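Notes follow once the structure below has been shown.
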Amino acid sequence: MEFRVEDVEDGATVIAPQGRLTMTSAGELKALVDRSVSRGRPMVVVDLADTTFMDSSGLGALVGGLRATRTAGGDLRIARPTAQVTTVLELTTMDRVLQPRASVEEALRAG
């Protein structure tokens with residue numbers, strides 16, 4: 001799995017996992033979120049458009065990242081989840097907490 005990381009306006013960071021977000025890659029996602037927070041960028045958008053699969057470990061990394069960003073006064077938001085990722089979010093009712101947005105821009109504006 002690869003991750004594209006981009007710092008954007010207003011102190012936010014966009015992290016885009018590409019491939020399968022599973023036990024083998026979830027730790028790296030959490031580390032990237034933690035790194036963003038430690039750099040003073042606690043607003044993180046995870047762009048899931050190129051995430052072909054996510055299991056419970058991937059979901060756990062998102063929840064852990066949400067906790068870390070909110071503790072630092074920011075937020076973690078998700079954008080453009082694929083159908084498989086949306087199914088996981090809906091089955092676990094995490095779509096109520098990590099409300100998916102249609103675009104990165106919308107996620108950045110959400111309040």
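Nothing in this text is a laboratory measurement; each read-out follows from the coordinates by a stated rule. Here the structure is a predicted model, which means the values were calculated and not measured. Cβ atoms come from the backbone with ideal geometry, glycine included; neighbour counts cover every protein chain shown.
In this label model, GLU6 and ALA31 are separated by 2.4 nm, measuring between points 7 Å along each Cα→Cβ vector.
Estimated translational diffusion coefficient (Stokes-Einstein, Kirkwood radius over Cα pairs, 20 °C, 1.002 mPa s) of region 2-102: 164 µm² per second. Most tightly packed first, judged by the mean number of other beta-carbon atoms within 10 Å of their residues, the peptides 63-69, 4-10, 40-46 read 40-46, 63-69, 4-10.
Tally Lys and Arg at +1 and Asp and Glu at -1 over the other residues with C-beta under 13 Å from the C-beta of ARG109: what net charge comes out? Summing Lys/Arg as +1 and Asp/Glu as -1 gives -3. For the chain, the Cβ-based charge dipole about the Cα centre amounts to some 300 debye (Lys, Arg positive; Asp, Glu negative; other atoms uncharged). Structural descriptor for the chain: relative contact order 25 percent, calculated from alpha carbon pairs under 8 angstrom and at least 6 residues apart. Think of region 2-102 as having a plus end and a minus end, set by charges on the Cβ of Lys, Arg, Asp and Glu; of THR92, ALA72, LEU62, ALA72 sits farthest toward the positive end of this dipole.
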